[in-house]
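Here is the structure we will look at, set down as structure tokens.
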Amino acid sequence: MAINHVWSRAISKRIGEFEQRIGRRVSMSLLTSDQLANSYNVKLNASATDIDVMMVRALQEQLLFARNGWLTDLTDRVQDPAYQWNDFQDAPRQRSITAGKVLSVPVVTERPALYYRKDLTEPPTTLEVLRDTALRLTRDGFFGYVGRGQRAGAVSQWSSFLYSFGGDFTVEGKSAIATPEAIAAYEYYGSLLERAGPPGATNMSLEQAMPIFAQGKAAFYVDADAIYTSFLDPKVSTVKDTIGYAPFPAGPAGSKPYNIPSWSLAISRFSLLQDHAWEFIRWASGPEMAGQIQADGIPGARRSAWRNPASGAVFPPDLARTMQISAATGVSHDRPDVVQVGRARDIVGRPLVAGILGNPVAPVARDADAEFAAFLARDNSYREAS
């Protein structure tokens, strides 16, 4: 059971190869994100045995699924020397582990990229230069910067700003969103969108922000590197020949982008075909297949694929370089590491909205910090209950 995604569609075209290997037919259900979540909730709550391999988001739902006892421990299986577990990048591999157990295997990774108009400017290497250049280029009908500003939806992209200012969502399990570093990151991002961004930024998620850059109406845009193909399609983009790609600019703490597994594979604990399910994962995420899939333009988690020139040739050269730099320095999460992720993002995003609206950030951050602290106390209890 999988999300209807470029990775799962690429694997589905190769299913016949795997079926010949194990002598069994494979049925693959491709669903929307909401359909997938609903199916897992219904079927796994009922201990249904008709799901073997599960496509999951390690950062969004793995803690909850682990708490519910829905995932099979893969710790021993990934140690198979032929599988080369150490070939996976550190940050995505780290996110596969919950309570000391490997519960999923990353197959698609994601980092932020700085998309910029190379006909207008050089890529900024610091956040200070990014802000100054964005403000200089802003004029009527043209924006120096566009990005996500919607309360919960903006949190994942803001995370790289937070880390690069020296902050994090939590420190030793405690809320850290009212530290001086976090407040500085809130103020920077809010001011950037308020002064250099489009009107209505607080309502913008990926679907609203991306077209503004694609239509040539903004100089800079920070978002996931996986969306780059949207800017190369002449049907929706006017910037195909003028777009540049650069690593996330350095803040006071350096350049600290996220590097995450956006989608991973796991095995349902209720599967009656555990061995065959693992054989599928080993095949679909092994070194050979990872290289083939990455050569299709889908960024994976294996170092060997990134080292292979053939696997990276499909990406624009400066984007491939950007991806490799971010993978080497990336932080392993882009949202709070909690069970109830949606609620946490809503709380953390509140000071972002205040900054974009031009309101004082510090008092809102302190209020959100108190709310987040209370939330974490409840969430930790929820995580530990079983």
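The values are calculated or read from the model by the stated rules, or taken from the named source; none is laboratory data. All values derive from a computational prediction rather than experimental measurement. Glycine also receives a Cβ, built like all others from the backbone with ideal geometry; neighbour counts cover every protein chain displayed. When the accessible area is computed, the model is the full protein with side chains, heavy atoms only, and any ligands, DNA or RNA have been set aside. Shrake-Rupley method; radii C 1.70, N 1.55, O 1.52, S 1.80 Å.
Results, tabulated for the structure shown:
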| quantity | calculated |
| --- | --- |
| Gaussian network model of the chain, springs between alpha carbon atoms under 10 Å - residue of Phe280, Phe270, Phe18 with greatest fluctuation | Phe18 |
| Selected from Ala48, Ala301, Ala176 as most flexible by GNM, with the chain as the system and alpha-carbon contacts under 10 Å | Ala48 |
| Lysine-lysine proximity count for the chain, Cα under 22 Å, sequence distance 8 or more or distinct chains | 6 |
| Cα-centred dipole magnitude for the chain, charges only on beta-carbon of K, R (+1) and D, E (-1), debye, nearest 20 | 360 debye |
| Val155 - accessible surface, heavy atoms, 1.4 Å probe, Å² rounded to 10 | 0 Å² |
| Residues whose placed amide H lies under 5 Å from that of Ser262, excluding near-sequence neighbours | Val108, Thr109, Glu110 |
| Over the chain, equivalent-ellipsoid semi-axes from the Cα gyration tensor in Å | 35, 26, 17 |
| Spacing of the two label points (7 Å from each Cα toward its C-beta) at Gln35 and Leu135, in nm | 4.8 nm |
| Probe 1.4 Å, protein heavy atoms only - accessible area per residue of the chain in square angstrom | 41 Å² |
| Mean separation of Cα contacts under 8 Å (6+ apart) over length of the stretch 329-369, as relative contact order % | 29 percent |
| C-alpha center-to-center spacing [the stretch 316-375, the stretch 278-311] in angstrom | 29 Å |
| Acute angle (nearest 10 degrees) that the helix 317-329 long axis makes with the longest principal axis of the chain, alpha-carbon atoms | 80 degrees |
| Cα-derived Rg over Rh, computed across the stretch 12-147 with Rh taken as Kirkwood radius | 1.13 |
| Relative contact order (%) - the chain, alpha-carbon pairs under 8 angstrom, separation at least six | 28 percent |
| Cα-Cα separations in the stretch 259-357 greater than 19 Å, expressed as whole percent | 60 percent |
| Relative contact order (percent, whole number), the stretch 11-120, Cα cutoff 8 Å, 6+ residue spacing | 20 percent |
| Accessible area (Å², 1.4 Å probe, nearest 10) - Glu17 | 80 Å² |
| For the stretch 43-60 and the stretch 120-174, distance of Cα centres in Å | 35 Å |
| 5 angstrom amide H check on Ile267, placed H, neighbours 5+ away | Met54, Thr72 |
| Accessible carbon and sulfur surface of the chain relative to its total accessible area, %, 1.4 Å | 49 percent |
| Nearest-0.05 FRET efficiency for Lys13 and Ala48, computed from C-beta distance (R0 30 Å) | 0.65 |
| Net +/- balance of residues flanking Gln157 in space, Cβ distance below 9 Å, scoring K and R +1, D and E -1 | -1 |
| Net length gained if the chain between Asp296 and Thr242 were fully extended (0.36 nm per residue, minus Cα distance) | 17.1 nm |
| Solvent-accessible surface (1.4 angstrom probe) belonging to Asp233, in square angstrom, nearest 10 | 60 Å² |
